[in-house]
Amino acid sequence: MTIKEIPLRPNDLPAGEEARAVMEDATGIRAEGMALFAEEKYDDALGRVVDALRRLRDFPDYGNREFRALLAVLLFDLSEIHFALKDYRQSEKELEMLFKVLEQLLKDDPDRFGAFHVLAMELSTRILRSRKKTLELLAKQQINTGVLYEKVNAGVAAATDKLVESLRKGAEMMAQTGDYRGAVRFYMEAIKLAKKRSGRVGRREVRMTVDMARVMMHSRNEAARAKRLLVAVLPHAVSLETLELEQEILGMIAKIDADVAHEPMWRTFLEKVQRTAKTRLRRSRKEEQEENKENVDYTEH
């Protein structure tokens, strides 16, 4: 991760112990997430950064500069982690929010936050390049998939396994570019062919079902369906004695439940942050306009 630390200024926090406690807790949780990121445990790192953001919701003043500085850091963390997970669309969404938070910070203190803005711009460039490369690879993959379909239809039995793998790779690339519906469609076709080929639900079928459910989790409307899939496939993971898959499935189910429980609070928090930012920005622009008007009046006299 290329994150640049922004040293917080305790003296600029609101009065009282609550603000300091929230900041200390959130930065501590973030540190745990960064340690997990360094170990390439990206899903676990993502969970800790989200926990840090949830703790940050308790901060008493959303207009405070130190609050917004830490919020910017955490949004960058989220974007960087999703980039590492090759979820480029989600990474872009978090960058968009980050730039909104940075707008006022840059106006207040360009020397302090300028380098951070440059890092965000560099991440934006990396995302664009990666998406472009993935789209180019996806086009080639789809050509290969078409050829394999022709072989399967022609009765070449050995081509079925290759077609399943090609569909799986295509689904993975679609998810990376943000085409979640297309990814689910490809996963469903791959799973159907794999089951038909093997006549059972094996490790490959469980793995693809879990990956498909993970893609579905990007949509609030699909979360319930994703959970049903995970619950249905869990006994197969248990019978296969794949402890890692079993733990992954249980973790995803827990995440869906937690997201549903926190969703209203989460949306309210982000809306309030954005509303506070817009209010401060309007006030700042109004003061600037009034100052310019006074200067004009002064020079005329």
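Rank S91, S198 by accessible area, highest first, at a 1.4 Å probe radius?
Result, largest first: S198, S91.
On a 20 Å Cα-Cα criterion, which of the cross-link pairs K41/K255; K227/K255; K162/K227; K86/K133; K132/K227; K41/K132 come out too long? Please list the in-between numbers first.
Numbers: K41/K255 16 Å; K227/K255 10 Å; K162/K227 29 Å; K86/K133 12 Å; K132/K227 32 Å; K41/K132 26 Å.
Over 20 Å apart, Cα to Cα: K162/K227; K132/K227; K41/K132.
Which percent of the accessible area of the stretch 134-262 is formed by carbon and sulfur heavy atoms (probe 1.4 angstrom)?
55 percent
Kirkwood Rh over Cα pairs of the stretch 22-61 into Stokes-Einstein at 25 °C, 0.890 mPa s: D in µm²/s?
The estimated diffusion coefficient comes to 247 µm²/s.
Can you give me the accessible area per residue for the stretch 126-202, using a 1.4 Å probe, in Å²?
That works out to 59 Å² for each residue.
Could you give the accessible area per residue of the stretch 18-109, probe 1.4 Å, as a whole number in Å²? Intermediate results must be reported in sequence, preceding the final value.
Details: 3540 Å² over 92 residues.
On a per-residue basis, the stretch 18-109 sits at 38 Å².
Translational diffusion coefficient of the stretch 1-90 at 20 °C, 1.002 mPa s, Stokes-Einstein with Kirkwood Rh over Cα pairs, in µm²/s as a whole number.
My calculation gives 161 µm²/s for D.
The values are calculated or read from the model by the stated rules, or taken from the named source; none is laboratory data. Remember, predicted model here, so these are calculated numbers, not experimental data. Only protein heavy atoms, including side chains, enter the accessible area calculation; ligands, DNA and RNA are left aside. Shrake-Rupley method; radii C 1.70, N 1.55, O 1.52, S 1.80 Å.
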